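**Q** Here it is: the structure, laid out below.
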Amino acid sequence: MTEKKDFSANFRSIDGYDGEKLVYPAASRNKGPILQVLKRLILNDEDTSTKNEKTLFLEIASGSGQHLAHFAPNFPNVIFQPSDVDETVLGSILFYADNCPTKNILLPKVIDIRNDLSDYGFTENSIDYLYVCNMIHISPFECTISLFKNAGKHLKPEALMIIYGPISRDGVITPQSNIDFDEKLRAGDPSWGIRDIGELVKLGENNNLHLIDTVEMPANNFTLIWRKV
């Protein structure tokens, strides 16, 4: 077995940000069920001696940082890259990364997904997994459009994009709690709202991404799994 690199020196501190731990109740509830889906998807080969590169897992809209902190110890040979557009949460992401026992979470990046990921140092066909949780319904649709465009450009061939959150089907939102949630979102910002799986499939087709699985999750959410073709 190859020696695992210690990344701890890479995320001890970020200038201007202290490691202030945030705890989001939704993340606490859904991190376990999402991990079970990831365990079906991620090849966790303990013997990496024949691999030239580490597997790269990029999270967009990391929020508190709880998800990667929960996922990373289960996949010690995967390198996890957290990111968020909101600089104020970097301290919390840093806290969770710094306390990860497997030391395989990198320093968080400030990423606005509306921009091309090349602006943040990513090259084409370089990402193994692109993960987004509870973002596409609480951001303008242009963010979702750009997410798919970036996935089509920067995922490796056959690599996966994983999206978690509520969705509608054929314009129908269920159950009533999600209808109420959607109305609340759009009342606060008309550019927000639960997206329909049909429009997401079209975005996928336009960006060489094929929907390979739709997994029903607790609390009326779904995990959508896309493969780059």
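**Q** Restricting to segment 131-155, and then to whatever is within 14 Å of L200 (Cα to Cα) and among the charged types (D, E, K, R), can you tell me which residue is surrounded by the most Cβ atoms within 10 Å (Cβ to Cβ)?
**A** Looking at the filtered set, the residue picked out is K149.
**Q** For segment 32-55, does any single residue satisfy the condition of being over 25 Å from K156 (Cα atoms) and at pLDDT 90 or above?
**A** yes
**Q** Looking only at segment 8-31, which residues are among the hydrophobic types (A, V, I, L, M, F, W, C) and modelled with pLDDT of 65 or more?
**A** Across segment 8-31, the qualifying residues are L22, V23, A26, A27.
**Q** Something else about it: Residue check, I212 against (1) in a helix (DSSP H, G or I); (2) free of Cβ contacts under 8 Å to residues at least 60 places away in the same chain, all met but one. Which one?
**A** (1)
**Q** Among the residues of segment 72-94, which ones are farther than 12 Å from S62 by Cβ and aromatic (F, W, Y)?
**A** F75
**Q** Could you check segment 57-165 for helices (runs of 4 or more DSSP H) lying wholly inside it with 3 or more residues that are among the acidic types (D, E) and modelled with pLDDT of 95 or more?
**A** none
**Q** Any chance segment 192-203 includes a residue that's without any contact (Cβ under 8 Å) to a residue 40 or more places away in the chain, surrounded by 13 or more Cβ atoms within 10 Å (Cβ to Cβ), aliphatic (A, V, I, L, M) and not in a loop (DSSP other than H, G, I, E, B)?
**A** Yes, the conditions are met somewhere in segment 192-203.
**Q** Can you confirm whether E183 is at pLDDT 95 or above, surrounded by fewer than 20 Cβ atoms within 10 Å (Cβ to Cβ) and closer than 16 Å to D196 by Cβ?
**A** Answer is yes for this residue.
**Q** Have a look at D189, D128 and point out the one that is within 17 Å of the chain's Cα centre (by Cα) and charged (D, E, K, R).
**A** That would be D128, the only listed residue that is within 17 Å of the chain's Cα centre (by Cα) and charged (D, E, K, R).
**Q** Restricting attention to segment 189-220, which residues are among the β-branched types (V, I, T) and out of contact with any Lys or Arg (no Cβ under 7 Å at 6 or more places or on another chain)?
**A** Once the filter is applied, which keeps residues that are among the β-branched types (V, I, T) and out of contact with any Lys or Arg (no Cβ under 7 Å at 6 or more places or on another chain), segment 189-220 yields I194, V201, T214, V215.
The values are calculated or read from the model by the stated rules, or taken from the named source; none is laboratory data. Note that the coordinates shown come from a computational prediction; the quantities given were computed from them, not determined experimentally. FYI the Cβ positions are ideal-geometry reconstructions off the backbone, even for glycines, and counts take in every protein chain you see.
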